[in-house]
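K.L.:
My questions all concern the structure below.
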Amino acid sequence: MRILVTGGAGFIGSAICRQLVAGGAFVVNVDKLTYAANLRSLDSVSGNSNYVLEKADICDSKALDAIFAKYKPTAVLHAAAESHVDRSIDGPAAFVETNLIGTYQMLEAARSYAAGLGQPERDAFRFVHVSTDEVYGSLGSDGQFHEDTRYDPSSPYSATKAGSDHLVRAWHRTYGLPAIIANCSNNYGPYQFPEKLIPLMILNATHGLPLPVYGKGANVRDWLYVEDHARGLITLLQKGRLGESYNFGGDSERTNLTVVETICDIIDRLQPGAQPRRKLITFVTDRPGHDARYAMDASKVRRELGWSPSLDFETGLERTIAWYLANAEWWKPLRERVYGGERLGLK
């Protein structure tokens, strides 16, 4: 297999690259290397002959055409995206550009490339689009998102991801591009940029800094360990049905407050401090358009792909915390020079 992975220096993308290379695939990582990219996340594969990095913007059609022609991939895993909701509130333009225009350019490059393949290679080619549960909007106190749930995005981020999903469906239906869509719940794990909830709380707690929780902390998310998600996406590439959408979830619904309290308790045990970290929790003004609850029905991927999460949330969270405690050389430059933990998304 020769797999083109977009956004491979990001959080989910780097997990995909590590697993693919470990499995013997040849991986072409196409990444613009924005603020959230970190090549240190790929140290374990960077010297491997089955891995290559192409620094390129997915909005650059000429660069994409050249990369497809040079490496002749058998499949694409499209994970490149602007992904932080708070940043989308402050500056939606970058999200429109990358998530919508970038996906359009990827679809066109893949379509043009596939059209030039021989019939066996064209039949085998796949385009997997990595998306989010946020396209579905907000749930009430019960129920789950299903693959046929109506889209109802709330933020600029989720709106651009919903639009990119629609583009992928249209390119499949109109042009016959062999595409599959994956919608996933909140990912967590090692190598996640520290603007996201779990790494931000881990690093703040270890430094005795305030732990800002939006509103009353009652918003519910379903958490999925990133390595489980990457494994699911690779399985989807191999076994997924063309034109279908698949929901990936961790069966781990937790309120944001519960997540933060659990982080505090684990760090207190692993790295005892002068006072319980729960005393650092501070409730702050809620984020605009903050969805109340997400929950994914992942029965389709269980049934069709034989996939299920390997880790329960508490086990995965402790593993994640231990990784951050042991890998300051990965996150410290980010905290010092890229993002210091300041509040975003207030505009």
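The values are calculated or read from the model by the stated rules, or taken from the named source; none is laboratory data. Keep in mind the model is a prediction, meaning the values are calculated, not measured. Neighbour counts are summed over all protein chains in view; Cβ atoms, including those assigned to glycine, are modelled from backbone coordinates with ideal geometry.
K.L.:
Just checking, does the stretch 153-173 include any residue being within 14 Å of the chain's Cα centre (by Cα), among the acidic types (Asp, Glu), within 23 Å of Ala94 (Cβ to Cβ) and assigned to a helix (DSSP H, G or I)?
P.N.:
no
K.L.:
Can I ask one more? Could you list, ordered by first residue, the pairs with Cβ atoms under 9 Å in which the first is in the stretch 12-27 and touching a residue at least 24 places away in the same chain (Cβ under 8 Å) and the second is surrounded by fewer than 24 Cβ atoms within 10 Å (Cβ to Cβ) and among the basic types (Lys, Arg), at least 6 apart or interchain?
P.N.:
Ala15/Arg231; Gln19/Arg231; Ala25/Arg2; Phe26/Arg2; Val27/Arg2
K.L.:
Residue under question is Glu97, and the condition is that it be among the acidic types (Asp, Glu), touching a Cys at 6+ places or on another chain (Cβ under 9 Å) and at pLDDT 95 or above; does it hold?
P.N.:
When the stated conditions are applied, Glu97 passes them.
K.L.:
Looking only at the stretch 92-138, count how many residues are in contact with a Phe, Trp or Tyr (Cβ under 6 Å, 6 or more places away or on another chain) and farther than 24 Å from Asp297 by Cβ.
P.N.:
Counting residues in the stretch 92-138 that are in contact with a Phe, Trp or Tyr (Cβ under 6 Å, 6 or more places away or on another chain) and farther than 24 Å from Asp297 by Cβ gives 7.
K.L.:
Something else now. Among the residues in the stretch 181-202, are any over 20 Å from Phe11 (Cα atoms), in contact (Cβ under 8 Å) with a residue 24 or more places away in the chain and small (Gly, Ala, Ser)?
P.N.:
No, the stretch 181-202 has no match at all.
Conditions (1) surrounded by 23 or more Cβ atoms within 10 Å (Cβ to Cβ); (2) farther than 24 Å from Tyr104 by Cβ, marked per residue:
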site: Tyr136; (1), (2): yes, no
site: Pro153; (1), (2): no, no
site: Lys161; (1), (2): yes, no
site: Tyr188; (1), (2): yes, yes
site: Pro199; (1), (2): yes, yes
site: Tyr214; (1), (2): no, yes
site: Tyr225; (1), (2): yes, yes
site: Arg231; (1), (2): no, yes
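K.L.:
Here is a further query. Out of everything in the stretch 86-97 that is part of a helix (DSSP H, G or I) and in contact with a helix residue (DSSP H, G or I) (Cβ under 8 Å, 6 or more places away or on another chain), what residue ends up being surrounded by the fewest Cβ atoms within 10 Å (Cβ to Cβ)?
P.N.:
Ala94
K.L.:
So, one more: Does at least one position in the stretch 56-73 carry a residue that is among the aliphatic types (A, V, I, L, M), part of a loop (DSSP other than H, G, I, E, B), touching a strand residue (DSSP E or B) at 6+ places or on another chain (Cβ under 9 Å) and over 30 Å from Arg87 (Cα atoms)?
P.N.:
No, there is no match, as no residue in the stretch 56-73 is among the aliphatic types (A, V, I, L, M), part of a loop (DSSP other than H, G, I, E, B), touching a strand residue (DSSP E or B) at 6+ places or on another chain (Cβ under 9 Å) and over 30 Å from Arg87 (Cα atoms).
K.L.:
Here's another thing I want to ask about it. Mind checking which pairs have a first residue in the stretch 302-314 that is aliphatic (A, V, I, L, M) and a second that is part of a loop (DSSP other than H, G, I, E, B) and modelled with pLDDT of 95 or more, Cβ under 8 Å, 6 or more apart or different chains?
P.N.:
Leu305/Gly240
K.L.:
Has the stretch 54-71 got any residue that is of a type outside the set (S, T, N, Q), touching a residue at least 24 places away in the same chain (Cβ under 8 Å) and touching a Cys at 6+ places or on another chain (Cβ under 7 Å)?
P.N.:
no
K.L.:
Between a first residue in the stretch 134-154 that is at positive phi and among the polar types (S, T, N, Q) and a second residue that is in a loop (DSSP other than H, G, I, E, B) and surrounded by fewer than 11 Cβ atoms within 10 Å (Cβ to Cβ), which pairs have beta carbons less than 9 Å apart while being 6 or more apart in sequence or on different chains?
P.N.:
Listed by first residue and then by second, the contacts come to nothing, as the list is empty.
K.L.:
Can you name every residue in the stretch 1-27 that is in a strand (DSSP E or B) and surrounded by fewer than 24 Cβ atoms within 10 Å (Cβ to Cβ)?
P.N.:
Passing the criteria: Arg2, Phe26.
K.L.:
Out of the residues in the stretch 101-134 meeting the condition of being surrounded by 20 or more Cβ atoms within 10 Å (Cβ to Cβ) and aliphatic (A, V, I, L, M), tell me which one is farthest from Phe68 (Cα to Cα).
P.N.:
Val130
K.L.:
Which members of the stretch 74-85 meet the condition of being more than 26 Å from Thr174 (Cβ to Cβ) and not in a loop (DSSP other than H, G, I, E, B)?
P.N.:
If the condition is that a residue be more than 26 Å from Thr174 (Cβ to Cβ) and not in a loop (DSSP other than H, G, I, E, B), then Val85 is the only one that fits.
K.L.:
Something else: Between a first residue in the stretch 232-260 that is without any contact (Cβ under 8 Å) to a residue 60 or more places away in the chain and a second residue that is acidic (Asp, Glu) and buried (at least 22 other Cβ atoms within 10 Å of the Cβ), which pairs have beta carbons less than 6 Å apart while being 6 or more apart in sequence or on different chains?
P.N.:
Glu253/Asp222
K.L.:
On to the next question. Restricting attention to the stretch 297-316, does a residue exist that is surrounded by fewer than 17 Cβ atoms within 10 Å (Cβ to Cβ) and of a type in the set (Phe, Trp, Tyr)?
P.N.:
Scanning the stretch 297-316 turns up no residue that is surrounded by fewer than 17 Cβ atoms within 10 Å (Cβ to Cβ) and of a type in the set (Phe, Trp, Tyr).
K.L.:
Yes or no: Leu139 under 16 Å from Asn219 (Cβ atoms), more than 19 Å from the chain's Cα centre (by Cα) and of a type outside the set (D, E, K, R)?
P.N.:
Spelling it out, Leu139 is indeed under 16 Å from Asn219 (Cβ atoms), more than 19 Å from the chain's Cα centre (by Cα) and of a type outside the set (D, E, K, R).
K.L.:
Still on this structure, please answer the following. Considering the stretch 315-347 alone, what residues qualify as being touching a residue at least 40 places away in the same chain (Cβ under 8 Å), among the polar types (S, T, N, Q) and assigned to a helix (DSSP H, G or I)?
P.N.:
Passing the criteria: only Thr320.
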